[in-house]
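Trainee: Got a structure for you, questions after.
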Number of protein chains: 2
Amino acid sequence: MKIKVLGSGAGGGLPQWNCNAVNSKDARSGHEFVKPRSQSSIAVSSNEKDWVLLNASPDIRQQIFDNKELHPHENGPIRNSPIQAVVLTNGDVDHVTGLLCLREGHPFNLYASNRVLGTINANTIFNVLNPEKVNRIETQLNTPFEVMTPNGSAGIEITPFNVPGKVALYLEEKKADGTFGTQEGDTIGLFVKEFSSGKGFYYIPGCAEVDQPLRERITGAEMIFFDGTLYTNNEMLDQGLLPKTGERMGHMNMSGDDGTLKIFEDMNIDRKIYIHINNSNPVLRDNSDERKAIENKGWEVSYDGMEVTL
Amino acid sequence: MKIKVLGSGAGGGLPQWNCNAVNSKDARSGHEFVKPRSQSSIAVSSNEKDWVLLNASPDIRQQIFDNKELHPHENGPIRNSPIQAVVLTNGDVDHVTGLLCLREGHPFNLYASNRVLGTINANTIFNVLNPEKVNRIETQLNTPFEVMTPNGSAGIEITPFNVPGKVALYLEEKKADGTFGTQEGDTIGLFVKEFSSGKGFYYIPGCAEVDQPLRERITGAEMIFFDGTLYTNNEMLDQGLLPKTGERMGHMNMSGDDGTLKIFEDMNIDRKIYIHINNSNPVLRDNSDERKAIENKGWEVSYDGMEVTL
């Protein structure tokens, strides 16, 4: 199975359009240790011909341009694309906006939970995806499905499962108990398995907490792409960027007793890769102490264009 | 007044993600005479500090990255942007999707017609633009308004006016008479005037026909950016790209008796610049006969990053 990281950044990417903090500044000016990153999405293929996108970021047009695997087949029809299916993990703007760029009548299958499809259906702008060409297919939690292209199987099976998270910001409803109306299916993780090899990996770009069911599920995995939004829960506040903790945003931090470095220590996962990394995170500086710290714990930081073979 | 062309292409840009035709292929492979183009949008400034965007394309994040005028002020707060207002000419996906990328709590003013604002309001995904920070301001046809930033005047006055056009594709309703439910305000042109110099230009990236009122309005203008979607009405059909004429799409062609080259001949406009140029258009090849033909008629082809001073 081939995996291509199209975007490794969190919402806003690096640089973020309106951010004057050091990481964004340095990415903007071409700093050798701070590479630009687009917003998180990966592409998966079993046959290196048909590709399945996991999430569709706002940067999708540039991501397609930058990754030749996603260019139209040169010997194919005048209009064609290797993109045969899109699977969504939530309704965040940084994961669904790219759908608006996949218009122009290309047939593909769109998979999402009832909650996320409900949002897509409620926003008429997504009708640019002609419903006669783009099937909207509701997935069920904990029920594996075979990813289908318009012409048959993609050779890949995906199991969606609920993870602790938060409803997309634009859908938050302030409840009397201080919560925001988050429901099951608002944030999901995906287990992606290739039929031919039997190999599989987890894709969990957003996660608020590793609870016991999640721990049991992912322990012993071959590979995981996991939420690498923040290094510390308070870093957005500390840097004066946003008056919100990671916890409030539904994302985890790497460091500390409640951080992923510590939590994943005894989970026996062969390959651990951070994705959805916020522009405030010091691991985005290739030469930072924090980068060394996570690498010493066996983690990798994904980057735009990263190729992984499983 | 400074004008920066952020994107010169029509919907899809060049290359278009799923297009295997010669222009897209050549743009993808770095052909010296076929430069990539992002989707149409321009930025305008009277003081070179505060910028007003005319339309917000899906490529806005890359467009901001590529144009240093739109980077955060280095001596400004930790989060800031020179983008102080956005004015929309229609509800097309290639003109409104970029709004979803201007989130992150930055205050600006959003101006659009009743029809276009209605679409924005009906799609809850646009609530990522916090209504406490981003004012949605309804403009009236033929009524000039002073473009305001959150801190005062942008020094620019804009007059929106109806032009012959078509409602956005995803909003089309098939009517018994063969029309698609287009109403006044679905497609507008803008006259942009700088208070300090009194100079002004027209911005009309989408237009189905130069009717008599439009002809009278723009005759004798100092400068115009005009719909350059197609070279011939049938070129999308002839190239096997889409079974639609320019007429059906609500866009004009350059050549022929009904084309803009001929129609604009006696209008006495000082500077005529094509924008919103579709990837099928042969004028996108710097060395084409069609490019020579339009230049011989006094037209320019805008390009990404083009700077214009008026």
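The values are calculated or read from the model by the stated rules, or taken from the named source; none is laboratory data. This is a predicted model, so every value here is computed, not measured. Note that we place each Cβ from the backbone using ideal geometry, even for glycine, and neighbour counts take in every protein chain shown. SASA here: full protein model, heavy atoms, side chains in, ligands and nucleic acids out. Shrake-Rupley method; radii C 1.70, N 1.55, O 1.52, S 1.80 Å.
Trainee: If we keep just the residues of the range A:78-132 that are without any contact (Cβ under 8 Å) to a residue 40 or more places away in the chain, in a loop (DSSP other than H, G, I, E, B) and small (G, A, S), which is farthest from the other protein chains (Cβ to nearest Cβ)?
Mentor: Here the residue is A:G105.
Trainee: Scan B:G220, B:G240, B:G178 and give me the residue that is among the small types (G, A, S), open to solvent by 40 Å² or more (accessible area, probe 1.4 Å) and within 14 Å of chain A (Cβ to nearest Cβ). I'd like the intermediate steps shown before the answer.
Mentor: Values: B:G220 fails: within 14 Å of chain A (Cβ to nearest Cβ); B:G178 fails: within 14 Å of chain A (Cβ to nearest Cβ).
Exactly one of B:G220, B:G240, B:G178 is among the small types (G, A, S), open to solvent by 40 Å² or more (accessible area, probe 1.4 Å) and within 14 Å of chain A (Cβ to nearest Cβ), namely B:G240.
Trainee: Hey, another quick one. Specify the residue that is nearest to the other protein chains (Cβ to nearest Cβ); the eligible residues are those in the range A:253-278 that are among the hydrophobic types (A, V, I, L, M, F, W, C) and open to solvent by 10 Å² or more (accessible area, probe 1.4 Å).
Mentor: Pass one, the range A:253-278, residues among the hydrophobic types (A, V, I, L, M, F, W, C): A:254, A:261, A:263-264, A:267, A:269, A:273, A:275, A:277.
Then keep just the ones that are open to solvent by 10 Å² or more (accessible area, probe 1.4 Å); that gives A:261, A:263, A:269.
Values: A:L261: 27, A:I263: 29, A:I269: 33 Å.
Here the residue is A:L261.
Trainee: Name the one entry in B:G105, B:G155 that is at positive phi, touching a Phe, Trp or Tyr at 6+ places or on another chain (Cβ under 9 Å) and not charged (D, E, K, R).
Mentor: On the way: B:G105 fails: touching a Phe, Trp or Tyr at 6+ places or on another chain (Cβ under 9 Å).
None of the others qualify; the one that does is B:G155.
Trainee: Only one of B:D258, B:D270, B:D266 is acidic (D, E) and modelled with pLDDT of 95 or more; which? Don't jump to the end; show me each part of the working.
Mentor: Working: B:D258 fails: modelled with pLDDT of 95 or more; B:D266 fails: modelled with pLDDT of 95 or more.
It is B:D270.
Trainee: Confirm whether B:E247 is part of a helix (DSSP H, G or I) and open to solvent by 40 Å² or more (accessible area, probe 1.4 Å).
Mentor: Numbers: part of a helix (DSSP H, G or I): yes; open to solvent by 40 Å² or more (accessible area, probe 1.4 Å): yes.
Yes.
Trainee: Right, another one. Looking only at the range A:28-55, how many residues end up being of a type in the set (S, T, N, Q), within 12 Å of chain B (Cβ to nearest Cβ) and open to solvent by less than 10 Å² (accessible area, probe 1.4 Å)?
Mentor: 1
Trainee: Here's another thing I want to ask about it. Can you report the number of residues in the range B:205-232 which are touching a residue at least 60 places away in the same chain (Cβ under 8 Å) and among the β-branched types (V, I, T)? Steps first, please.
Mentor: We begin by selecting, within the range B:205-232, every residue touching a residue at least 60 places away in the same chain (Cβ under 8 Å); these are B:205-206, B:222-223, B:225, B:228-229.
Adding the requirement that they be among the β-branched types (V, I, T) leaves B:229.
Counting residues in the range B:205-232 that are touching a residue at least 60 places away in the same chain (Cβ under 8 Å) and among the β-branched types (V, I, T) gives 1.
Trainee: Can I ask one more? I need a count of the residues in the range A:15-69 that are part of a strand (DSSP E or B) and within 23 Å of A:F226 (Cβ to Cβ). I'd like the intermediate steps shown before the answer.
Mentor: Kept after step one, since they are part of a strand (DSSP E or B), are these residues of the range A:15-69: A:19, A:37, A:39, A:41-45, A:51-54.
Add one more test, that the residue is within 23 Å of A:F226 (Cβ to Cβ), and what stays is A:37, A:39, A:41-45, A:51-54.
Total satisfying the criteria: 11.
Trainee: Which ones in the range A:241-288 are under 25 Å from A:Q183 (Cα atoms) and among the β-branched types (V, I, T)?
Mentor: A:T245, A:T260, A:I263, A:I275, A:I277
Trainee: While we're here: Could you run through the range A:14-69 and say how many residues are touching a residue at least 12 places away in the same chain (Cβ under 8 Å), farther than 25 Å from A:L88 by Cβ and not charged (D, E, K, R)?
Mentor: Number satisfying all stated conditions: 8.
Trainee: Among the residues that make up the range A:184-193, is at least one of them touching a strand residue (DSSP E or B) at 6+ places or on another chain (Cβ under 9 Å), without any contact (Cβ under 8 Å) to a residue 40 or more places away in the chain and part of a loop (DSSP other than H, G, I, E, B)?
Mentor: Looking for residues that are touching a strand residue (DSSP E or B) at 6+ places or on another chain (Cβ under 9 Å), without any contact (Cβ under 8 Å) to a residue 40 or more places away in the chain and part of a loop (DSSP other than H, G, I, E, B), one finds none in the range A:184-193, hence no.
Trainee: If a residue has to be at pLDDT 95 or above, within 25 Å of B:S153 (Cβ to Cβ) and not hydrophobic (A, V, I, L, M, F, W, C) to count, how many in the range B:87-112 make the cut?
Mentor: 4
Trainee: Could I ask something else about it? Here's a check for you: in the range B:57-77, which residue that is among the charged types (D, E, K, R), farther than 14 Å from A:K25 by Cβ and out of contact with any helix residue (DSSP H, G or I) (no Cβ under 8 Å at 6 or more places or on another chain) is nearest to the other protein chains (Cβ to nearest Cβ)?
Mentor: Per the criteria, the residue is B:D66.
Trainee: Further, regarding this structure: Considering only residues that are under 14 Å from A:T187 (Cα atoms) and open to solvent by 30 Å² or more (accessible area, probe 1.4 Å), which ones fall in the range A:111-149?
Mentor: Those that are under 14 Å from A:T187 (Cα atoms) and open to solvent by 30 Å² or more (accessible area, probe 1.4 Å): A:N114, A:R115, A:G118, A:Q140, A:L141, A:N142.
Trainee: On to the next question. Could you please find all residues in the range A:1-14 being open to solvent by 10 Å² or more (accessible area, probe 1.4 Å) and at pLDDT 95 or above?
Mentor: To start, the set of residues in the range A:1-14 that are open to solvent by 10 Å² or more (accessible area, probe 1.4 Å) comprises A:1-2, A:4, A:11.
Answer for the range A:1-14, where residues must be open to solvent by 10 Å² or more (accessible area, probe 1.4 Å) and at pLDDT 95 or above: A:M1, A:K2, A:K4.
Trainee: Would the range B:133-149 turn up any residue that is under 21 Å from B:D92 (Cβ atoms), of a type in the set (D, E) and part of a loop (DSSP other than H, G, I, E, B)?
Mentor: no
Trainee: Do the conditions hold for A:K25, that is, is it closer than 18 Å to A:N109 by Cα, surrounded by fewer than 20 Cβ atoms within 10 Å (Cβ to Cβ) and of a type outside the set (F, W, Y)?
Mentor: Numbers: closer than 18 Å to A:N109 by Cα: no; surrounded by fewer than 20 Cβ atoms within 10 Å (Cβ to Cβ): yes; of a type outside the set (F, W, Y): yes.
Judged against the criteria, A:K25 is not a match.
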